[in-house]
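Take a look at the structure set out below.
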Amino acid sequence: NSGVMSLLRPLLLDVVPTIRQTAALALGRLANYNDDLAEAVVKGNILPQLVCSLSEQNRFYKKAAAFVLRAVGKHSPQLAQAIVQCGGLEMLVICLEDFDPGVKEAASWALGYIGRHNSELSQAVVDAGAVPLLVLCIQEPEIALKRIAASTLSDISKHSPELAQTVVDAGAIAHLAQMILNPDAKLKRQVLSALSQIAKHSVDLAELVVEAEIFPVVLTCLKDSDEYVKKNGATLIREIAKHTPELSQLIVNAGGVAAVIDCIGSCRGAVRLPGIMVLGYIAAHSENLSMAVIVSKGIPPLCACLIEEHEDHIKAAAAWALGQVGSHTPEHACAVAVANVLPTLLAMYMDTQSSEDLRMKASISTKKALKNILQKCTYLPALEPLLHDAPPNILKHILGQFSKVLPHDSKARRLFVTTGGLKKVQEIKAEPGSLLQEYINAINNCYPEEIVR
């Protein structure tokens, strides 16, 4: 409001180098504060002046100028586009070749902030020739430079398969994969994120990431003390598992299922989410892969997530994953039912406070399990906990099946009494003459009167 922007602008051309740098730094801090001030930098025609004087200045000025470009570009695609239009990308790419690592770092950071908005801006960063230089930056000894360059490659890769392919063609995967074991947690976060953004787009890209021998190395990240390393490690595994049964099998063979299950058990909240989805994706592909999740004791931690988590989207993911595990055969469904999770799923489905997504996933998973279990009479006792809590439509469904199976199967009749199913049936209040009452009568008629009494 005091007209400071217009006073700072001529100072960018001052004869004293320290004044030039400090003026640039002041503009950067103002632009960084909010988008209105960043807009004022653009409208004040300051960017062209910064850009054209960049090449002949010293490293301190270059860092400060790159900071201004980053501070302007981070707020919106429109402001980032203004940097592209005044030739800012070309100058930033020249800075990536600078001798000073701090200048490279500042330039890399600015390019990442521009490219993260959308695929058009990322493509502009690629067209300016940034990617091969960023791949060189991740090979430099300075940890801070490695981190920012990996982050920028992640931001470029995330938008489309074509952009990810550009990063792959520049040879990024091998160098990123080597850094998974780096002791620096912040670097590991960015490396895992970049590999995830490449792997997510297609089977071919996921296979290229796997061929860089990230297994079993990446599984160590699931035990990391840094929560973001854990989360990004699980996200990378998820982006690989989702594509094909073969890729999921590879994860299973590397001991990935047990590692993911341990990870889910050892953390809380959003960190769990990618791990939950890994188990769901693996189980969805085939009976054998689903059985691998069951055998590795994957169901109890998924049930725990349903009960312990407060966020509906995490519960919904756990409900979905349990549905995938139980969707193949009666054996799979029974493993889910025996964990006594169906009443919990039903309660979530019936709770009007639950989000629409959670209610839908809880309902689908319950129905999948019911459908499979009801095919095999020896598994019917697993449904008995539901006789207490199920809503009338599901109760009808279950009792209807019992009334069909029990008259013809003596083993099922015996199980039904010894596990307390028949007792629970006597407690159900049904309208006289209703279908539910008919089913109850049919079940009672399978037994001598004294047992029913």
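The values are calculated or read from the model by the stated rules, or taken from the named source; none is laboratory data. Small disclaimer: the values here were computed from a predicted structure and weren't measured. FYI the Cβ positions are ideal-geometry reconstructions off the backbone, even for glycines, and counts take in every protein chain you see. Areas reflect the complete protein model, heavy atoms only, side chains present, ligands, DNA and RNA absent. Shrake-Rupley method; radii C 1.70, N 1.55, O 1.52, S 1.80 Å.
Within segment 410-435, residues that are touching a residue at least 12 places away in the same chain (Cβ under 8 Å) and open to solvent by less than 60 Å² (accessible area, probe 1.4 Å) sit with their Cβ atoms under 6 Å from residues that are of a type in the set (Asp, Glu) and not in a helix (DSSP H, G or I), at 6+ positions apart or across chains, in these pairs: Gly421/Glu384. Given the structure, is Thr244 in contact with a Pro (Cβ under 9 Å, 6 or more places away or on another chain) and open to solvent by less than 40 Å² (accessible area, probe 1.4 Å)? Judged against the criteria, Thr244 is not a match. Screening Gln57 with (1) buried (at least 20 other Cβ atoms within 10 Å of the Cβ); (2) over 35 Å from the mean Cα position of the chain (by Cα) gives one miss only, at (1).
I'd like to check something: does segment 269-277 contain any residue that is open to solvent by less than 20 Å² (accessible area, probe 1.4 Å) and over 14 Å from the mean Cα position of the chain (by Cα)? No, segment 269-277 contains no residue that is open to solvent by less than 20 Å² (accessible area, probe 1.4 Å) and over 14 Å from the mean Cα position of the chain (by Cα).
Given the structure, is Ala442 surrounded by 14 or more Cβ atoms within 10 Å (Cβ to Cβ), aliphatic (A, V, I, L, M) and over 47 Å from the mean Cα position of the chain (by Cα)? In short, yes.
Kindly check whether there is at least one residue in segment 186-197 that is assigned to a helix (DSSP H, G or I), over 18 Å from Val271 (Cα atoms) and open to solvent by 40 Å² or more (accessible area, probe 1.4 Å). So far as segment 186-197 goes, no, none of its residues is assigned to a helix (DSSP H, G or I), over 18 Å from Val271 (Cα atoms) and open to solvent by 40 Å² or more (accessible area, probe 1.4 Å).
Exactly one residue out of Ser76, Ser122 is of a type in the set (Ser, Thr, Tyr) and either surrounded by fewer than 17 Cβ atoms within 10 Å (Cβ to Cβ) or without any contact (Cβ under 8 Å) to a residue 24 or more places away in the chain (or both), and it is Ser76.
The set of residues in segment 1-17 that are free of Cβ contacts under 8 Å to residues at least 24 places away in the same chain, open to solvent by 70 Å² or more (accessible area, probe 1.4 Å) and not in a loop (DSSP other than H, G, I, E, B) comprises Leu7, Pro10. Meeting the requirement of 1 or more residues that are under 26 Å from Lys43 (Cβ atoms), touching a Phe, Trp or Tyr at 6+ places or on another chain (Cβ under 8 Å) and modelled with pLDDT of 95 or more, no helices (runs of 4 or more DSSP H) wholly within segment 58-133 can be named.
Number of residues in segment 107-119 that are more than 19 Å from Leu195 (Cβ to Cβ), of a type in the set (Gly, Ala, Ser) and either without any contact (Cβ under 8 Å) to a residue 24 or more places away in the chain or buried (at least 24 other Cβ atoms within 10 Å of the Cβ) (or both): the value is 2. Condition (residue is within 22 Å of the chain's Cα centre (by Cα) and in contact (Cβ under 8 Å) with a residue 12 or more places away in the chain) applied to segment 125-141: is it met by at least one residue? Checking segment 125-141: not a single residue is within 22 Å of the chain's Cα centre (by Cα) and in contact (Cβ under 8 Å) with a residue 12 or more places away in the chain.
Kindly check whether there is at least one residue in segment 254-265 that is closer than 27 Å to Gln353 by Cα and outside any loop (DSSP other than H, G, I, E, B). Yes - at least one qualifying residue is present in segment 254-265. Against the list (1) open to solvent by less than 50 Å² (accessible area, probe 1.4 Å); (2) farther than 26 Å from Val252 by Cα; (3) under 20 Å from the mean Cα position of the chain (by Cα), the condition Asp357 fails is (1). Condition first: outside any loop (DSSP other than H, G, I, E, B) and either surrounded by fewer than 19 Cβ atoms within 10 Å (Cβ to Cβ) or hydroxyl-bearing (Ser, Thr, Tyr) (or both). Now tell me which residues in segment 296-311 satisfy that. If the condition is that a residue be outside any loop (DSSP other than H, G, I, E, B) and either surrounded by fewer than 19 Cβ atoms within 10 Å (Cβ to Cβ) or hydroxyl-bearing (Ser, Thr, Tyr) (or both), then Pro300, Cys303, Ala304, Ile307, Glu308 are the ones that fit. Are any residues in segment 432-446 closer than 22 Å to Ile373 by Cβ and in a loop (DSSP other than H, G, I, E, B), and if so, which ones? Within segment 432-446, Cys446 is the sole residue that qualifies.
Could you pull out the residue among Leu89, Leu111, Leu7, Leu12 that is more than 38 Å from the chain's Cα centre (by Cα), of a type in the set (A, V, I, L, M) and closer than 25 Å to Ala130 by Cβ? It would help to see each step written out before you state the result.
Values: Leu89 fails: more than 38 Å from the chain's Cα centre (by Cα); Leu111 fails: more than 38 Å from the chain's Cα centre (by Cα); Leu7 fails: closer than 25 Å to Ala130 by Cβ.
When all the criteria are applied, what remains is Leu12.
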